[in-house]
Amino acid sequence: MTTSTTVARGEAGFEGSPEFTSGRRGFIVTTLRDQPQAIIGLMVVVMFILIAIFAPLIATYSIHAKTGPIYQAPSSTHWLGTDDGGVDMFSLLVYGSRVSLEVGFAAALVAMLIGGTVGVVSGFFGGWVDVLLMRITDIFLVIPDLPLIIVVAAIFGRHLINIIIIIGIIYWTSTARLVRAQVKSVRERVYVKRARSIGAGNRRLVVKHVLPQVAPLLIANTVLTIALAVFLETYITFLGLGDPSTVSWGKLIENSFLGNAVLNNAWWAIVPPGVAVTVVILACTMVGQSMEDALNPRLKVGHLAVRRFRLRPLHGQLDNE
Amino acid sequence: MQRSDYILKRTLFALMTVFVAVTLNFVLFRALPGDAVTGLKCHNCTIQFKEALRHDLGLDKSKWQQYVIYLKKLSHGDMGTTFIGNKPVRGELWEPIKKTLGMITLGTVFSIIFGVFTGVISAWRRGTVVDKTSVWTALAFYSVPTQWLGLMIVYFVADRVGLPHGGIQSPDYGILGNPGTFDFLVDRTAHMILPALTLGLVLYGDYTLIVRSAMLETLGEDYVLTARAKGMSNWAIVWKHGFRNAMLPVVTLIALSLGFIIGGAITIEYVFDYPGIGLAIVDAIDKRDYAFLQGAFLVLTLSVILFNFIADLLYFKLDPRVTT
Amino acid sequence: MSTQPVLKTNDLHVWFDLSGGRELHAVQGVSFELRAGERMGLVGESGCGKTTTILALMGLLPSSASVAGQVYLDGEDVLAKGEETVSPHRWRDIAMVFQGAMNAFNPVKTIGAQIAEPMELHGTASGRAARAQVRELLELVGISGERADRYPHEFSGGMRQRAAIALALACQPQVLLADEPTTALDVMVQAQILELLVRLTRDLGLSMILVTHDLPVVAQVCDRAAVMYAGEIVEMGNMSTIYHDPRHPYTRMLFAATPDLLGDEAVVSIPGAPPRLDHEIAGCPFTPRCDTAFSPCPTTHPRRLDVGSGHEARCHLNDHLVAERPA
């Protein structure tokens, strides 16, 4: 280890080794400590989750009934105005959070479970299992998303659960690759430990040693997948392939389009759902990215001296000669 | 392995992927309920008539036989006929694709130029306000739902700059006699600008982050310290050692991403009522014209494979270290 | 030998910013002189500050660094205004041989182009003349001139190191700084590279500072050596003097730890580890690992003392003011 590495570590603010032997808890604390924007992101996400949970208490009107004139501008009674059916926009936005977040989290969970399992099995066992699973992954990568969505919608119907599953299927491959790479690198270390331990079976090995090393990365990746899932949901819904019985933010955007909000100068029907989606996606990205940064700190010093090294006037450093 | 072997390997791989894609295309769309005959509306149609028609069209053969027929037809360039209107799919695809290409090229060029520029500046001024603003703006545009951005632009920008809300031709086009080529170009461009701008804004963020990341990685390399030791100025280092090296992975990533731009274009064309392939696809989804969709998606998948292949070749050409 | 030293440092300090407002005091008051044609070794364990010292001589420190003290190149204080005053001297007066085995070379450019680069930058040669000079330089370091158009990955580790030396000589500097030039090379190649460095410095009249943790290397190549520990020079003098009469326990233990002076790899290993430099250390930093530490060591920082002609050491054992005090 040379001075420059010490310097680099120092610059990155790291005193310890990036290996997370303290497992999940240590990793989360480190993330929050070193990446303050993660806290903001987390707070935003939590806020939206709370809004979704307590929707009936927060919403001002029912979303299934016409409670005001069509396309009325925001007022003291309807904080965000009404849509093309006279339904209160604010309440729609609040209830919409439920579906959007539900799809986002559930789909990301599906991707995490499938991708995580495939990645762990593939990376741990190697050999023909690995090759087979990777070929399957490659096939899934080649399948274009939209046709798959169309086909599923046509055959299985446009139910929310199908949308969740299909989004999960679209995103599991990248998770699998990530996990596989991580497992492979951990595997070497694990086998060393195994050589010292007595009679530890494969399953024990995986659960006790591999999983804790893989978990932080998996969590970071899943958080980022949530952002992608929310994005994809708005896309699917906009093309008319969403669940017609539910209201998500994506549906609200679609409604504003189909209801000619632009021609009616009804900005309140267009702006809020998009802002909500963007904010949630940004927040999840902030948190996920911070986690990834905490796991792979940029240890390299930039050699480009945009700001110069500083000069310090000598004051009392002179040694007593 | 020789460098020429690399090209051979990649070509073979591309061709194999094409084959897989073509097969998957068949499988996916054959899995759907309904075929060309189901959608037929005729008041004399008895079930027997439809069955006879099916027999004529070869739709009652086994899936395997249909697959073979499908492959044969494809090799002749025959992509079947649409469910709606019974027109050859190939012909129906060409016009919209042309229109989309123009708009997409405009948007993509903008996004690449803007993305690379902001990425380099961000990396150069790492850690400063410029960097942070640039990164967060990029992230914000990247997170915005495409269709919503389109709607916002139509609502807030279109009228202010005097650009049309959508479509591809103004209602008063040619109203004052025969429009010349110039008028044609102006009108077309006017209709392309906002959709292209939307596309550009949605795409650029990704490039900013990729370029920034690649540049930072490069600027931390030892040879950059060597360059500084030689007495080179910051700007010379960034240009001669930083940029060239960082662009290596970036070029590949950009080429790879080009294949997927159509996805964003679909919603944009829908919002702007721009009659390109995207809008055609949305229409076909709505009308359940699976024959058309099959053809359209085959073309799209093939273009993704094509761009992947181009990306492989580019990387090979740019990096002297690649041997296999 | 001429009287004015080609390079002189006076009380050089370097600090690096750490997170949480703290600092790493990497170089603590380094002062030495280098005469024309002299080869000096800068020895020490990893992290002792030797690399940072020579980086500071060329002003190649990151923005997280602060520097104090003077560096005189031919009598001129090049650190007077920081980057402004030091950058004009880079490569023309003082150049560095980086560890060529690593990424000192840009992988996507030819070796020849990269050696010609400083020539064209500083206007010493351009175009065809530069290419000719590049070939000459390569021949000088033992590489066939026609390899100038090859890429770094096509060179072996030893050849890359030679190329790095050729690169350093591109603008005919007076001072050559060699940072671990033989680490990561096998023994046979090591010997060749060292021999090359000696020959070149002699033939071209260059001065050289050789930074390494490998004692036998220094013994082979250098006229003088400075031993660094915890950011300070703890002993400095002629090779034979410090070998036969080491006046600092660290120097003595270093030589003792080396099994065979001219043999295979001598990994310096003294029990214990160097101290962390992110806080002030009371007394002599070597105390915990020293086998002859006595009462003043933990509390009083040793002075820099003359212990012979051109021989200095920082150890209380040499300080008659201290040694005579009752224990």
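Laboratory data are not the source of any read-out in this text; all were calculated from the coordinates shown. Predicted model only: the values in this text are computed from it and were never measured. Cβ placement follows ideal geometry from the backbone for every residue including glycine, while neighbour counts extend to all protein chains displayed.
Quick one: net charge around A:ALA106, please, counting Lys, Arg +1 and Asp, Glu -1 for every other residue with C-beta under 15 Å from its C-beta.
Numbers: positive: A:ARG98; negative: A:GLU102, A:GLU233, A:ASP243.
That sum, taken over residues with Cβ under 15 Å, equals -2.
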- Whole-Hz Karplus ³J(HN,Hα) for the stretch A:116-122, in order, using 6.51 cos²θ - 1.76 cosθ + 1.60 and θ = phi - 60°, x for Gly and Pro? x, 4, 4, x, 5, 4, 4
- Query: How high is the FRET efficiency from B:LYS63 to C:SER19, r the C-beta distance, R0 56 Å, rounded to 0.05?
  - Reply: 0.30
- Query: What is the set of long-range amide H partners of C:MET96 at a cut-off below 5 Å, with H atoms built 1.01 Å from backbone N?
  - Reply: C:LEU177
- Item | Residue-wise HN-Hα coupling along the stretch B:235-243, computed from phi with Karplus coefficients 6.51, -1.76, 1.60 (Hz; x: Gly, Pro) | 5, 5, 5, 4, 6, 7, 10, x, 4
- Residue order, fewest to most beta carbons within 10 Å, for B:LEU219, A:LEU282: A:LEU282, B:LEU219
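Where nothing but the Cβ of Lys and Arg (+1) and of Asp and Glu (-1) is charged, how large is the charge dipole of the protein assembly as shown around its Cα centre, in debye to the nearest 20?
Numbers: 82 positive and 82 negative charges, 399 e Å.
I would put it at about 1920 debye.
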- Cut-off under 5 Å, modelled amide H: who pairs with C:TYR229 long-range: C:VAL234
- Item | Using alpha-carbon coordinates, inclination of helix B:129-143 to the longest axis of chain B, degrees | 10 degrees
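For a quick check of your reading of the filter: which chymotrypsin sites (Phe, Trp or Tyr not before Pro) in the stretch B:212-299 sit in a DSSP loop and have no more than 16 other Cβ atoms within 10 Å? Please report the intermediate quantities before stating the final value.
Values: sites: B:TYR223, B:TRP235, B:TRP239, B:PHE243, B:PHE260, B:TYR270, B:PHE272, B:TYR290, B:PHE292, B:PHE297; in loops: B:PHE260.
Qualifying residues, ordered by number: B:PHE260.
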- With the dipole of the stretch B:133-267 defined by +1 on each Lys or Arg Cβ and -1 on each Asp or Glu Cβ, the option from B:ILE262, B:LEU194, B:ALA227 whose Cα lies farthest towards the positive pole is B:ALA227
- Task: State, to one decimal in nm, how far the label point of B:ASN86 lies from the label point of B:ILE113, with both points 7 Å from Cα in the Cβ direction.
- Result: 4.9 nm
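Assuming 1.002 mPa s and 20 °C, estimate D for the stretch C:1-149 with Stokes-Einstein, Rh taken as the Kirkwood radius over Cα pairs, in µm²/s. Don't skip to the answer; put the middle values down first.
On the way: Rh = 17.5 Å.
The estimated diffusion coefficient comes to 122 µm²/s.
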- Message: Placing one identical point scatterer on every Cα of the stretch C:107-238 and ignoring solvent, what is log10 I(q)/I(0) from the Debye formula at q = 0.14, 0.15, 0.18, 0.22 Å⁻¹?
- Response: -0.67, -0.75, -1.01, -1.33
- Take each complete run of DSSP H in chain C, measure how far its Cα atoms stretch along the helix's own axis, and keep only those covering 15 Å or more with mean Kyte-Doolittle hydropathy at least 1.6; list them. none
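Relative to the Cα centre, what is the charge dipole magnitude of the stretch C:1-155, using +1 at the beta carbon of each Lys and Arg, -1 at the beta carbon of each Asp and Glu, and rounding to the nearest 20 debye? If you can, show how the numbers build up before the last one.
Numbers: 14 positive and 19 negative charges, 64 e Å.
With Lys and Arg at +1 and Asp and Glu at -1, about 300 debye.
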- Give the residue from C:LEU34, C:PRO62, C:PHE155 lying farthest towards the positive end of the charge dipole for chain C; charges sit on Cβ (+1 for Lys and Arg, -1 for Asp and Glu) and the dipole is referred to the Cα centre. C:PHE155
- Taking the dipole about the Cα centre of the stretch A:28-296, with the C-beta of Lys and Arg at +1 and of Asp and Glu at -1, give me whichever of A:SER97, A:ILE139, A:ASN264 is farthest to the positive side. A:ILE139
- Task: With a point put 7 Å past each Cα toward its Cβ, work out how far B:LEU74 is from A:ARG310 in nm, to one decimal.
- Result: 6.5 nm
- Item | Alpha carbon convex hull of chain C, projected area averaged over orientations, nm² | 17.7 nm²
- At q = 0.14, 0.15 Å⁻¹, what is the base-10 log of I(q)/I(0) for chain B according to the Debye formula with one equal point scatterer per Cα and no solvent? Please give it to two decimals. -1.18, -1.24
- Could you please state, rounded to a whole Å, how far the C-alpha centre of the stretch C:72-88 is from the C-alpha centre of the stretch B:127-150? 43 Å
- When we measure straight from the Cα of B:LYS72, which lysines land under 27 angstrom away, once same-chain ones fewer than 8 places off are left out? B:LYS9, B:LYS50, B:LYS61, B:LYS63, B:LYS87, B:LYS98
- Query: How far is it, in nm, from the label point at B:LEU185 to the one at B:GLN48 when both lie 7 Å from their Cα along the line to the Cβ?
  - Reply: 6.4 nm
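How many Å³ per residue does the convex hull of the Cα positions in the stretch A:28-296 occupy? Present the calculation step by step, with values, prior to reporting the outcome.
On the way: hull volume 39.1 nm³, N = 269.
Output value, Cα hull per residue: 146 Å³.
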- Computed over chain B: longest principal axis from alpha-carbon atoms vs helix B:244-258 long axis, angle to nearest 10 degrees, is 20 degrees
- Query: Taking a temperature of 25 °C and a viscosity of 0.890 mPa s, what whole-number D in µm²/s does Stokes-Einstein yield for the protein assembly as shown with Rh from Kirkwood over alpha carbon pairs?
  - Reply: 74 µm²/s
- Query: What would the Debye formula give as log10 I(q)/I(0) at q = 0.12, 0.20, 0.24, 0.25 Å⁻¹ for the alpha-carbon point model of the stretch C:94-172, no solvent?
  - Reply: -0.26, -0.77, -1.13, -1.24
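For the protein assembly as shown, what does -39500 (n - 2.57) per DSSP helix run (n ≥ 4), summed and divided by total residues, give at 222 nm, in deg cm²/dmol to the nearest 500?
Per the formula, -18500 deg cm²/dmol.
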- Task: Within the set of other residues whose C-beta is less than 15 Å from the C-beta of A:ILE236, count the net charge using Lys and Arg as +1 and Asp and Glu as -1.
- Result: -4
